[in-house]
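Student: I am attaching a structure below and will ask some questions about it afterwards.
The values are calculated or read from the model by the stated rules, or taken from the named source; none is laboratory data. Here the structure is a predicted model, which is why all the values come from computation and not from measurement. Cβ sites come from the backbone with ideal geometry, for glycine too, and all protein chains shown count toward neighbours. To get the accessible areas, we keep the full protein, side chains included, count just its heavy atoms, and leave off ligands, DNA and RNA. Shrake-Rupley method; radii C 1.70, N 1.55, O 1.52, S 1.80 Å.
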Amino acid sequence: MLFRENKEASPLAEALAELAIPFSIGSNISLFNDPDLKKLISIFEAIGKFGDIEKTIFAMHTDFLNIPPIGIYELLELSRSFKKSLLSLASRSEFLKEKEVTGADKISSFAEHLSFWRGKSHNENFLKFFERVTKESGFIAYLLNQKNYPEKISRLSSLFREIKKSISANLAYNLNNFLDFVDLAKENEISISSNSEVIGDAIRLLTAHKAKGLEFKTVYLSGAIDRHWGNKYEKHFFLLPVSPFSSSETEKNEEERRLFFMAITRAKDECSITFHRFREDGKEITPSQFIEEIE
């Protein structure tokens with residue numbers, strides 16, 4: 001299944017997931033822009049910067065941990081009034097209950113896990129350690145409960161493969177190396193593509209650009225509407241005088257036309273070109289002119 005832009009992958013993936021149809025995704029969405037992976041990374045940062053109040057508090061607010069925000073605030077207030085470290089108080093379940101801290105059990109459980117993971121981070125192979133934290137934190141279970149879980153699992157798998165590459169290049173690779181890499185990727189806007197592995201007869205979701213050089217028995221080309229495929233809208237903030245070197249509308253469309261042609265010729269046996277007839281507001285949509293150009 002081919003589409004024009006990366007953002008079209010999510011609704012298609014969600015529809016396939018609801019129908020229990022296996023699929024794989026190949027897109028150029030940066031893993032570090034994924035909101036769920038950001039949550040997981042916040043936990044690794046709290047482990048790596050063990051005792052850092054800001055990192056710990058941020059990790060505690062991660063929704064799949066189910067720690068009530070009011071409980072985190074109450075814990076912070078106790079830490080200030082008793083002049084004790086946040087984690088030392090967080091691990092004392094009975095004390096938190098005595099002080100009627102909301103979600104005391106969940107807070108102390110996370111604090112104990114954080115301490116346990118900190119020890120394992122020094123003594124365990126990082127790949128095994130990464131797997132441990134994703135499972136024991138409840139992150140895997142959280143992903144599996146999402147509507148578009150196959151897409152989310154594929155992004156986690158892409159990060160996992162990236163870690164495996166790093167470990168093969170550096171056998172001493174550890175948590176600090178991972179966090180340095182994450183910081184470097186964020187600062188320099190390094191994009192790690194999310195490319196899920198192809199599983200059996202799974203439907204492959206790809207941008208047309210990503211499909212170059214590939215062939216399939218059957219291709220579905222989605223969203224073949226005007227201004228999406230061809231006649232793309234360009235925003236002009238001010239007008240320039242007409243130049244003798246200005247390209248015509250036809251010339252502007254040539255690149256789009258070539259991409260469209262390339263996409264439909266990925267099919268060996270059959271290609272279905274699809275488009276929706278109406279917008280959400282009920283207005284009719286014009287199909288791409290490239291459809292009429294097919295002989």
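Student: Considering amide H positions built from the backbone, and no H for Pro or chain starts, which residues 5 or more places from V219, or on another chain, come under 5 Å of its amide H?
Tutor: Close amide H contacts, sequence-distant or interchain: E270, C271, S272.
Student: Through the Karplus equation 6.51 cos²θ - 1.76 cosθ + 1.60, θ set to phi - 60°, convert the phi angles of region 105-114 into ³J(HN,Hα) values in whole Hz; use x for Gly and Pro.
Tutor: 4, 5, 5, 5, 4, 5, 4, 5, 4, 4
Student: Right, next: Helix 9-18 versus the longest principal axis of the chain: what is the Cα-based angle in degrees, 0 to 90, to the nearest 10?
Tutor: 70
Student: Next question, about the same structure. Excluding residues on the same chain fewer than 8 positions from K232, give the aspartates and glutamates whose Cα lies under 18 Å from its Cα.
Tutor: E5, E8, E249, E251, E254, E255, E256, E284, E292, E293
Student: To continue, here is another question. What accessible area per residue, rounded to a whole number of Å², is obtained for region 1-110 using a probe radius of 1.4 Å? Before the final figure, lay out the partial values.
Tutor: Values: 5340 Å² over 110 residues.
Ligands and nucleic acids excluded, the result is 49 Å² per residue.
Student: If you don't mind, another one. Rounded to the nearest percent, how much of the accessible area of the chain (1.4 Å probe, protein heavy atoms only) is carbon and sulfur?
Tutor: Looking at the chain in its full context, I get 52 percent from C and S.
Student: OK, next. First measure r as the distance between the Cβ atoms of L214 and S85, then evaluate 1/(1 + (r/R0)^6) with R0 = 51 Å and state the FRET efficiency to the nearest 0.05.
Tutor: Details: r = 55 Å, r/R0 = 1.08.
Calculated transfer efficiency: 0.40.
Student: Here is a further query. Give the ranking of H209, H113 by solvent-accessible surface, highest area first, calculated with a 1.4 Å probe. Kindly include the intermediate steps, with their values, before the conclusion.
Tutor: Values: H209 90, H113 60 Å².
Result, largest first: H209, H113.
Student: Taking the Cα atoms only, what angle lies between the long axis of helix 126-136 and the longest principal axis of the chain, rounded to 10 degrees?
Tutor: That helix lies at roughly 80 degrees to the long axis.
Student: Please report the spacing between the Cα centers of region 86-105 and region 116-149 in Å, no decimals.
Tutor: 24
Student: Here is a further query. Compute the longest continuous run of the chain that contains no exposed chymotrypsin sites (Phe, Trp or Tyr not before Pro); treat a site as exposed when its DSSP state is not H, G, I, E or B and it has at most 11 other Cβ atoms within 10 Å.
Tutor: Answer - 1-232.
Student: Just to be sure I understand: of the beta bridges DSSP finds with both ends in the chain, what percent are antiparallel, rounded to 5?
Tutor: Within the chain, antiparallel bridges account for around 25 percent of the total.
Student: If I fit a long axis through the Cα atoms of helix 149-169 and take the longest principal axis of the Cα atoms of the chain, what angle between them do I get, 0 to 90°, rounded to 10?
Tutor: Between helix and principal axis, roughly 70 degrees.
Student: Which three semi-axes in whole Å describe the equivalent ellipsoid of the chain, each the square root of 5 times a Cα gyration tensor eigenvalue, listed largest first?
Tutor: Value: 48, 22, 20 Å, ordered largest first.
Student: Follow-up. Using a 1.4 angstrom probe and counting only protein chains, how large is the accessible area of K232 in Å², to 10?
Tutor: 80
Student: First select every other residue whose beta carbon is under 15 angstrom from the beta carbon of D63; then total the charges, Lys and Arg +1, Asp and Glu -1. Walk me through the numbers on the way to the answer.
Tutor: Working: positive: K38, K39, K106, K152; negative: D34, D36.
For residues surrounding D63, the net value is +2.
Student: While we're on this one: Which value in deg cm²/dmol, rounded to the nearest 500, describes the helix-derived mean residue ellipticity at 222 nm for the chain, given -39,500 (n - 2.57) per DSSP H run of n ≥ 4 and division by the residue count? Could the numbers behind the result be given before it?
Tutor: Values: 13 runs with 148 residues, N = 295.
After summing the helix terms and dividing by residue count, I get -15500 deg cm²/dmol.
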